[in-house]
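Here's the structure we're looking at; comments come further down.
The values are calculated or read from the model by the stated rules, or taken from the named source; none is laboratory data. Predicted model only: the values in this text are computed from it and were never measured. When we count neighbours, we look across all protein chains shown, and the Cβ atoms used for this are built from the backbone with ideal geometry, even at glycine.
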Amino acid sequence: MSHKSMNLTLHVWRQKNAKCDGKFVEYKADGVSPDMSFLEMLDVVNEGLIAKGEEPVEFDHDCREGICGTCSMVINGRPHGPKERTTTCQLHMRSFKDGDSITLEPWRAEAFPVVRDLVVDRSAFDRIIAVGGFITAPAGSPQDSNSLPISKENADLSMDAASCIGCGACVAACPNASAMLFVSAKISHLGLLPQGQPERYLRVRDMIAQMDAEAFGTCTNHGECETACPKGIKMENIARMNRDFIKASLTFRHATIGGGGA
Amino acid sequence: MELNAHIPDGPIQQKWEKHKFDSKLVNPANKRKYRIIMVGSGLAGGAGAASLAELGYNVDCFCYQDSPRRAHSIAAQGGINAAKNYRNDGDSVFRLFYDTVKGGDFRAREANVYRLAEVSNNIIDQSVANGVPFAREYGGLLDNRSFGGAQVSRTFYARGQTGQQLLIGAYQALERQVGLGTVKMYNRHEMLELIMVDGIAKGIVTRDMVTGAIESHIADAVILSTGGYGNVFYLSTNAMGCNGTAVWRAYKKGAAFGNPCFTQIHPTCIPVTGDHQSKLTLMSESLRNDGRVWVPKKKEDCKRVPSEIKEDDRDYYLERKYPSFGNLAPRDISSRAAKQVCDEGRGVGETGLGVYLDFSDAIRRLGKNKIEEKYGNLFEMYERITDENPYETPMRIYPAVHYTMGGLWVDYNLMSTIPGLFVAGEANFSDHGANRLGASALMQGLADGYFVLPATVSNYLAGLKPGVRPAADHPAVVETETAVKTRVEKLLSIKGSKSPTHFHRELGKIMWEYCGMARNEAGLKKALELIPKLREEFWKDVRVVGENESLNQSLEMAARVADFLELGELMCLDALERRESCGGHFREEFQTEDGEALRDDENFCHTAVWEYKGEGQNPVRHIESLTFEYVHLATRSYK
Amino acid sequence: MSVAEQSIAGAEARGHGFLASSVGRKVIMAATGVVLFGFVTVHMIGNTQAYMGAKSLNGYAEFLHSMLHGAGIWIFRTVLLAASGLHAWAAISLTLDNQAARPVGYRETQSVASTWSSRTMRWSGFILVVFIVYHLLHLTTGQLHPAFKAPQGHEYFAYDNFVSAFKVPAVAGFYVVAQLCLGLHMWHGVWSFTQTLGLSHPRYDGLRRNFATGLTLLVVGVNISYPIAVLTGCIH
Ligand SMILES: Cc1cc2nc3c(=O)[nH]c(=O)nc-3n(C[C@H](O)[C@H](O)[C@H](O)COP(=O)(O)OP(=O)(O)OC[C@H]3O[C@@H](n4cnc5c(N)ncnc54)[C@H](O)[C@@H]3O)c2cc1C
Ligand code: HEM
Ligand code: HEM
Ligand code: SF4
Ligand code: F3S
Ligand code: FES
């Protein structure tokens, strides 16, 4: 553990609300300890701004332990910053050097309008889940969990996909602002479980339709999403989703499962 | 104040079934005429809102995050208990009940705990049906692990992300209802006040955190599932936004507060590194399954590299003091033991506030792969934060504030002392007594949400006329809304010199120092002097920049800190009045010769229930006596 | 209507049609891409006849034109034209969607996984179209080929046309550049279509990359060899 402190220059996107135009503003972050997390560094900058009577930089965060998926900013052109499989809140200043200049931008996508500064609105993700990202199983008396064994391999693969935290970094990283990694993670999570089978093909069609309606782009297999994803969600899921979609399209019959069903 | 827990009669095994049968039902056609407000979208709130909507009610659900999926339940790593007895190791509903009552140091209500144990199995089944990918064995059946305070293996888990998976399960069920139009979700809406009409809870006032709009929402019943208030301590394992505002506002409207001083300090957290620290990170308790806790026997060794310290010079103090539970001793006990060795000057790390959690034995025994499979993501997280590799050098851990057993007092129906106001999950005081066992909070949140609320809220609604709610311009509504607006304006108009965070940090220091792992009369009295002073200073000197009409995190923080500054005082008062040690509440004056907690069942076998009496008045302490018919009062021993 | 309701209604209005869907259009693009690459590969193999002399290549040309009493080539041309049309339509409509999906860009971007090839698909594709149009007017119909000899009855002059074409260095150069674009398009495209069609599996990930690289090098290498062979006099 080192005790050196660093001086950094930040170029931060400031935008009052969705309607106003925004611009980059430069701030100094002095005396930054390498043991600070990235957000703690911003806390210190913000305390300084408040002391001067200026409005602090707004950024989304909550758990600060890499699991809630709230934190979101593009650091020097990379969502969640330079470290692999690390959310912004888990990124520590030891990943930077004294004198570095750091550019901070919000997630950029039509589907994620800027709320303020580095905060964006990701409710499009919720709406995608709402049309099919679930298993219909009302609370009641379901059968005993062990009456339906699940192979460890499938349980593990499903868990891999389920570890998505809905942060949206995949969208932010994708040159097409595509949400395919996020959507396919949910399709895989549920589609790999026996409980998810009955709605499997309806789910994939409904979720993709909603994804399109939210104005996300399409995947052209750039693979940026996979490297930006803090939870290591794989592009393999996109292939699985495509496969299910093709199958669903070849055999389609029903309208929808989710709300608004015809 | 009249306290009636409404515990159904009959043998404990039949209470819940009987109660459900005796409850009134609402005719399906009438259900959609009722509107329910659910504040919170964590395990309790998310599962509750989804289940109530599934029954046919209209639900308005609120959370302060940008999506319901981000409630802090998501952070739970370790697991969730259930009395499935899949291991054939002697588990049963009764044993889970027994362990929980004992683990809570006999300060919980037996009937509630029994119900919790009873529905625990349903929770697992429900979650699996919702698509929760619990860990499985090669045979395809569910895997289990053991957790602190239990000698059976009853904890179900999904890697180190159990809370996340359970929450996503509930969230998906919730989103399904949103899609169907039965739940209306209000993201980024913070509840700032409870609306009471003629002494009954009828709605809430919220602030839209994006536009600043302050709005009233009216309903037939209000449920608070807003989580714990551990952030009173500033540093805790809670998320930055976790707050006590909802419960505190309800308290000030007449909902009694149960056992506010009962907080849980979790033994395995990553130690503090400096003043910049904004929160503490938990390392799941499950790590104690395979990790061994130790400190050097000699003070001189503390600064040495751990690998250089010989086996004989290490003090595996948990194994030494509690041979039958060893490293799996319950949280309160392990935390205190860590504090003791650090107080003796044998703590490790730069601050001296840390103990080792060592995996070298387990790695030798099981191989690195097995350990990686079990704890890989936790190890990764540790390395990310500390820059040390726990496969090679022992982790350093220290206790940190984690959970609040206290909360709004509720009866068996989870209804508070305000009619129509229900409280679920960590926000209520109900099931864990003075100490919560690991993996039991997730269980409680889902029990409340999936199974208890649907029955008890229906019973309450059946007594109301369908479709009759106060109008939006009802004087009580307008008055409450105006009060909120005035308070927000007040915060913005002070324009003092110190940020809300400054006051939060100061409060945290007081709380940790005097109302933390060990408490004593002098300290608590000191805190009771310091907190009002700090509060006064806050209202004179806080600086909230910006305006109400846009996203303004300083404003949000200021409102929360204002409430913490009051809640902290009540906690200290409660801690002062409870002249005994029990569970997480350790009063230095009351301990056995070897430093164990000394309960006083004669005078304190009760829940302390605090009633608000108005600004500037002392709150009144009521009691709900506890009787133990099935688990006999005994000194809790893990030796 | 809540936001959720609105957008659900939006999804409804947009429909669940295969062609309306982003993934559906992607699948069309991949499927037609496969047809096009299939053609290019076969075409490359067919053209190796040039190394065997005039008779071979001319005979091959004749064979193509007389398949199924002359209907063969038209069936084949129709498929090819339809595939190109669909491919171009899908590519253009998706590109427009993708541009609309990020109206405000970043000040700084760092690409980690994407390749030059993947990022230039729409440009390499566009150049390929230009090339194909030129190529048809050049070697099939001859309008852009001053020394073009049209077929007479059953006699084909593919070989002569071919040799006289690449004797012009500018023409040869353009062909080479076009083949490099083809390489760019293929290298990503061949790898990409397996993913799009859901044929990928982590076990075969390495294989897919190698297959794309191998096929691209082969097709582009052989294709480039023709103009070079003519310029250097190996074919005359
Ligand atoms: C790091 C960590 C690890 C844990 N690990 C375990 C474990 O392994 N096993 C276990 O059993 N328990 C564990 N716990 C405890 C357990 O996770 C929590 O007690 C439980 O999840 C609380 O659930 P809840 O639904 O009551 O509240 P939460 O999940 O905290 O949800 C609170 C909800 O209320 C909303 N809210 C709060 N205030 C307001 C307001 N004023 N206005 C509007 N909305 C509001 C929030 O937006 C949120 O949606 C852990 C806790 C932590 C912090
Ligand atoms: C250097 C490489 C190439 C050479 C030497 C070459 C040569 C030829 C020749 C000689 C013909 C005429 C055949 C005939 O009409 O009898 C032809 C036709 C054609 N070529 Fe190429 N070609 C090359 C590359 C390509 C590429 C890369 C494409 C497509 C991307 C392509 C597409 C076509 C098409 C569509 C036709 C017309 C087939 C028809 O008659 O329907 N060629 N090519
Ligand atoms: C009409 C001009 C063309 C344009 C504008 C164009 C554009 C594109 C674009 C934008 C892509 C998307 C990249 C991706 O999804 O990975 C693509 C993919 C592809 N193209 Fe083209 N292209 C054109 C012509 C061709 C030709 C002539 C061929 C074959 C010789 C071809 C074969 C492919 C293949 C195989 C793919 C991969 C499909 C996938 O994986 O989705 N394209 N093209
Ligand atoms: S797939 Fe990865 S990057 Fe995308 S939302 Fe999920 S966790 Fe975030
Ligand atoms: S980066 Fe974008 S193009 Fe596809 S592979 Fe990932 S979504
Ligand atoms: S703040 Fe929760 S993931 Fe970063």
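Miscellaneous remarks
- Residues in the stretch C:191-216 that are surrounded by fewer than 20 Cβ atoms within 10 Å (Cβ to Cβ), free of Cβ contacts under 8 Å to residues at least 12 places away in the same chain and either of a type outside the set (Phe, Trp, Tyr) or within 16 Å of ligand 5 (Cβ to nearest atom) (or both): C:Leu199, C:His201, C:Pro202, C:Arg203, C:Asp205, C:Gly206, C:Leu207, C:Asn210, C:Gly214.
- Matching residues in the stretch A:103-117 - criterion: being in contact with a strand residue (DSSP E or B) (Cβ under 7 Å, 6 or more places away or on another chain) and either more than 7 Å from every other protein chain (Cβ to nearest Cβ) or surrounded by fewer than 24 Cβ atoms within 10 Å (Cβ to Cβ) (or both): A:Thr103, A:Leu104, A:Pro106, A:Trp107, A:Phe112, A:Pro113, A:Val114, A:Asp117
- In the stretch A:169-183, the residues that are free of Cβ contacts under 8 Å to residues at least 60 places away in the same chain, touching a Cys at 6+ places or on another chain (Cβ under 9 Å) and more than 8 Å from ligand 4 (Cβ to nearest atom): A:Cys174, A:Asn176, A:Ser178
- The single condition among (1) more than 10 Å from every other protein chain (Cβ to nearest Cβ); (2) surrounded by fewer than 18 Cβ atoms within 10 Å (Cβ to Cβ); (3) without any contact (Cβ under 8 Å) to a residue 60 or more places away in the chain; (4) touching a Ser or Thr at 6+ places or on another chain (Cβ under 7 Å) that A:Glu47 does not satisfy is (1).
- Of all residues in the stretch B:118-140, those satisfying the criterion of being within 11 Å of chain A (Cβ to nearest Cβ), of a type in the set (D, E, K, R) and touching a helix residue (DSSP H, G or I) at 6+ places or on another chain (Cβ under 6 Å) are B:Asp125, B:Arg136.
One line per residue, one yes/no per condition, for (1) more than 16 Å from ligand 6 (Cβ to nearest atom); (2) modelled with pLDDT of 95 or more:
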| site | (1), (2) |
| --- | --- |
| A:Leu190 | yes, yes |
| A:Tyr201 | yes, no |
| A:Phe216 | yes, yes |
| A:His222 | yes, yes |
| A:Ala228 | no, yes |
| A:Arg240 | yes, yes |
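- Meets criteria (at pLDDT 95 or above and within 14 Å of another protein chain (Cβ to nearest Cβ)) for C:Tyr134: no
- Criterion violated by B:Gly496 - all others in (1) assigned to a helix (DSSP H, G or I); (2) in contact (Cβ under 8 Å) with a residue 12 or more places away in the chain satisfied: (1)
- Single residue of C:Ala91, C:Ala100, C:Ala82, C:Ala113 found to be more than 16 Å from ligand 6 (Cβ to nearest atom), facing chain A (nearest Cβ under 10 Å) and more than 24 Å from A:Pro106 (Cβ to Cβ): C:Ala91
- Some residue of the stretch C:157-175 being in contact (Cβ under 8 Å) with a residue 12 or more places away in the chain and under 14 Å from the mean Cα position of the chain (by Cα): yes
- Selection within the stretch B:141-179: residues that are among the hydroxyl-bearing types (Ser, Thr, Tyr) and touching a Leu at 6+ places or on another chain (Cβ under 9 Å). The member of this set that is farthest from the other protein chains (Cβ to nearest Cβ) is B:Ser146.
- Selected residue [touching a Phe, Trp or Tyr at 6+ places or on another chain (Cβ under 8 Å) and modelled with pLDDT under 95] from B:Ile333, B:Ile363: B:Ile333
- Taking the listed residues B:Leu446, B:Leu421, the one that is under 18 Å from the mean Cα position of the chain (by Cα) and at pLDDT 95 or above is B:Leu446, with no other qualifying.
- Output for the stretch B:334-360, where each listed residue is out of contact with any Asp or Glu (no Cβ under 8 Å at 6 or more places or on another chain) and part of a helix (DSSP H, G or I): B:Ser334, B:Ser335, B:Arg336, B:Ala337, B:Ala338, B:Lys339, B:Gln340, B:Cys342, B:Asp343, B:Ser360
- Options B:Ala476, B:Ala472; residue that is away from chain A (no Cβ under 14 Å), over 23 Å from B:Pro532 (Cβ atoms) and assigned to a loop (DSSP other than H, G, I, E, B): B:Ala472
- Failed condition for A:Glu65, given (1) modelled with pLDDT under 95; (2) part of a helix (DSSP H, G or I): (2)
- Tally of residues being part of a loop (DSSP other than H, G, I, E, B), farther than 30 Å from B:Gly104 by Cβ and of a type in the set (Gly, Ala, Ser) across the stretch B:141-186: 1
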